[in-house]
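Read through the structure below, which is laid out as structure tokens, and then see the notes.
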Amino acid sequence: MKMMILQLIAIFMLAILVIGLWLRTWKEERAAKSYDKTFWLVQMQRMGKAPKNLSYFLRKKSGIGEELHLPLGVFFAGNRWTDTIYLGVGGERVRLFLNIQKEEIVLTVLEGKIQTKNGVYEANKREQISIHDFTKIVVGDLELQFLRKKVK
Amino acid sequence: MILVYLCYVLALWLWTVSSVTQEASAFWAYFYLIVGLAVSGILIFIAWRKRKNLQIGPMIALTLANLGASIAFRMGEKSISGYLKDFAYMAICFLVVFLVVRFTKIYRWKLLNILCIAALPMILYYTAFKGAEVNGSHLYFFGIMTLGIILTGYPFVVATFMASPEKHYRNGNVRNLSFNMMGLLIYTFLLFGGCALCNEYGLLLVLAMTATVIFFIRCNNWLTKMLYSAACLAGALLVCKVVSHVHDRVVIWLNLKAAVESEALAEKAETALYLFRNFKRMGFYGNGIGNLPESIYRTLNSDHVLVTVMNDYGLFMAIFMIVLGAVFVRWMLIEGKNMNAYDKYLNLSSALIVGFVILIHIASNLASFITAGLGYPWCSDGTSANVMFTILMAVHCGIVGRRGRNELQERYER
């Protein structure tokens, strides 16, 4: 009888402990989701040889790899100095429209062409390409990887 | 919460000591252990009263350790004294690792990570060729189980490979497998070779499952994924065919009736058979502590600890034990505020390792999978494995417990 009571107490206490810990984990999981602020990280890697011109020399940049943090909003990216995001690719004019959203980036090719996993996209102002986390696109000899990040 | 925990500790202790009679030395070892577990709970509660997210994991570990202590007491003086020593090691390791990860960046040093990458295969191959043989397996590296060493080091290896920037791809095509992913796969296959030589297939299974999840998250190429899956399947089939004891376990798992009727397998199938025959008798409240026969379950305090809990402590305790394991993995998967790529992969691979060990243990204990020889965290006897789980938990606590802004945030704000 005594053992039975002790067993019941142990099981009852363990049950409360398990429920309490489970609820606390659930609460922490929700809190971890709510305090985050999303932004996108763009990792750019040059696949070919880096240019050795004056601008790269002056800015002390290797021209091989760059990282860029994009908050939510709308940006133009291209290979002219007038573009908000400068892509160091030579050759034909490239101009992209980036709509940075919380879950995805909506990309439109305004000028030039880009390559993704699904194929090559030519300039088409009406076409919207969805870019998700870990998506890679290739512009000229530049490879861009989009990573979704969250910070407080 | 702390009061409930203390009540549970006291009730379980009283229930165990009134059910099992042991020598005075075993009684006192169990008493000191229970005092240590209770004091640890109070310290954790006080130290992290404002950081409640850090309390969850250690509290789960302590709750499971109480059950482990009770099972160790049931086994006798040697077992409970060993668990008392293990508890001291675990406490020291937790404190040291937590402080290192929480306050320093030493664990991210490239040199240390490269040393870790080099050391793991060397340890495995050294154990395979020079280590002492136990029942046909080479499991110990200078007295420490290789399983514990490899599984402690592997998350750091994964984080090192995965957090390094992807610069090169196979055939120069970005859609192909990146060189760092390829490096991790080759490295893991090197470890598989070591595991096979050591005859340590439980470790191989956990490594394979962890590497597969990481690989499927990171790899973009479907063809590579298919080839990898085919290679894994072929490897598993080859092991089942070539390695006799794995083949026997597979036969027992898939066709218990044939295994029982076979002369060669009848003895090995006894554990699964006992479970099926006595499942109803176990009931929600169990048969009493010390009821499970040691003659059938030779590893009842390590590889078959879930069956011991089901039989001796009842189904309720077993269910709560499984739920606690699930909650622990879920807690480990919660990402902290200031985690960079290295920390994220370190955390993810640690959580995957703990999760897979728990999953394999449950499945093999319930005869839903082959007997894999893996213990349940903190409930099973085994210094190396328990210290390994404690270190992985301390790493998570250290990463999540870090305050202040991270590098990414500072750059973003600039």
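Numbers at a glance
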{"read-out": "Longest segment of chain B lacking chymotrypsin sites (Phe, Trp or Tyr not before Pro) that sit in a DSSP loop with at most 13 other Cβ atoms within 10 Å", "value": "B:143-283"}
{"read-out": "Per-residue average of Cβ from other chains inside 10 Å of B:320-330", "value": "4"}
{"read-out": "Among the listed pairs A:Lys113/A:Lys136; B:Lys52/B:Lys85; A:Lys27/B:Lys105; A:Lys27/A:Lys102; A:Lys149/B:Lys344; A:Lys117/B:Lys225, those beyond 19 Å (Cα-Cα)", "value": "B:Lys52/B:Lys85; A:Lys27/B:Lys105; A:Lys27/A:Lys102"}
{"read-out": "Dipole of region B:1-113, positive end: most advanced residue of B:Gly68, B:Gln55, B:Val4 [Cβ charges, Cα centre]", "value": "B:Gln55"}
{"read-out": "Share antiparallel - DSSP beta bridges, the protein assembly as shown, percent rounded to 5", "value": "95"}
{"read-out": "Exercise: per-residue mean of other protein chain Cβ atoms within 10 Å, A:134-144", "value": "2"}
{"read-out": "Normalised contact order of region B:15-98, rounded percent, pairs of Cα under 8 Å and 6 or more residues apart", "value": "42"}
{"read-out": "Overall form of chain B per C-alpha gyration tensor (a/c, 1.5; a/b vs b/c)", "value": "oblate"}
{"read-out": "Gyration tensor verdict on region B:68-153 (Cα atoms; rounded if a/c is under 1.5, prolate if a/b is larger than b/c, oblate otherwise)", "value": "oblate"}
{"read-out": "Computed over region B:259-414: relative contact order in percent, which uses C-alpha pairs under 8 Å that are six or more apart", "value": "23"}
{"read-out": "Prolate/oblate/rounded call for region A:112-152, Cα gyration tensor, a/c under 1.5 rounded", "value": "prolate"}
{"read-out": "Interface size A-B, as summed buried accessible area [1.4 Å probe, Å², nearest 100]", "value": "4500"}
{"read-out": "Solvent-accessible area of B:Lys130 with every protein chain in place, 1.4 Å probe, in Å² to the nearest 10", "value": "150"}
{"read-out": "Lys/Arg +1, Asp/Glu -1 at C-beta; the protein assembly as shown dipole; positive extreme among B:Tyr342, B:Gln22, A:Gly119", "value": "A:Gly119"}
{"read-out": "Heavy-atom accessible area ranking, 1.4 Å probe, most first, across A:Asp83, B:Asp303", "value": "B:Asp303, A:Asp83"}
{"read-out": "Accessible area in the full protein assembly, largest first, 1.4 Å probe, for B:Val357, A:Val120", "value": "A:Val120, B:Val357"}
{"read-out": "Probe 1.4 Å, accessible area per residue of the protein assembly as shown, Å²", "value": "47"}
{"read-out": "Inter-chain Cβ neighbour average for residues B:5-17, partner chain, 10 Å", "value": "5"}
{"read-out": "Residues in region B:316-334 reached by a label modelled at B:Phe284 [backbone nitrogen below 14 Å; 7 Å Cα→Cβ]", "value": "B:316-320"}
{"read-out": "Calculated [θ] (222 nm, deg cm²/dmol) that DSSP helices of n ≥ 4 give over chain B, each run adding -39,500 (n - 2.57)", "value": "-24000 deg cm²/dmol"}
{"read-out": "Built amide H within the under 5 Å cut-off of A:Arg95, gap 5+", "value": "A:Leu110, A:Glu111, A:Gly112"}
{"read-out": "Whole-percent pair-distance distribution, where bins are 20 Å wide, for the alpha carbons of the protein assembly as shown", "value": "19, 47, 27, 8, 0"}
{"read-out": "Carbon plus sulfur fraction of accessible area for chain B, probe 1.4 Å, in percent", "value": "66"}
{"read-out": "Heavy-atom accessible area ranking, 1.4 Å probe, most first, across B:Val239, B:Val96", "value": "B:Val96, B:Val239"}
{"read-out": "Solvent accessible area, Å² - B:His245, 1.4 Å probe, full protein context", "value": "50"}
{"read-out": "Average Cα contact separation per residue, chain B, under 8 Å, 6 or more apart, as relative contact order %", "value": "23"}
{"read-out": "Positive-end residue of A:Gly88, A:Ile129, A:Gly73, charge dipole of region A:73-152 with Cβ unit charges", "value": "A:Gly73"}
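The values are calculated or read from the model by the stated rules, or taken from the named source; none is laboratory data. Since we're looking at a predicted model, the values are computed, not measured. Every residue, glycine as well, gets a Cβ built from its backbone with ideal geometry; the counts of neighbours run over all protein chains shown. Just so you know, the surface numbers come from the protein's heavy atoms only, side chains and all, with ligands and any DNA or RNA stripped out. Shrake-Rupley method; radii C 1.70, N 1.55, O 1.52, S 1.80 Å.
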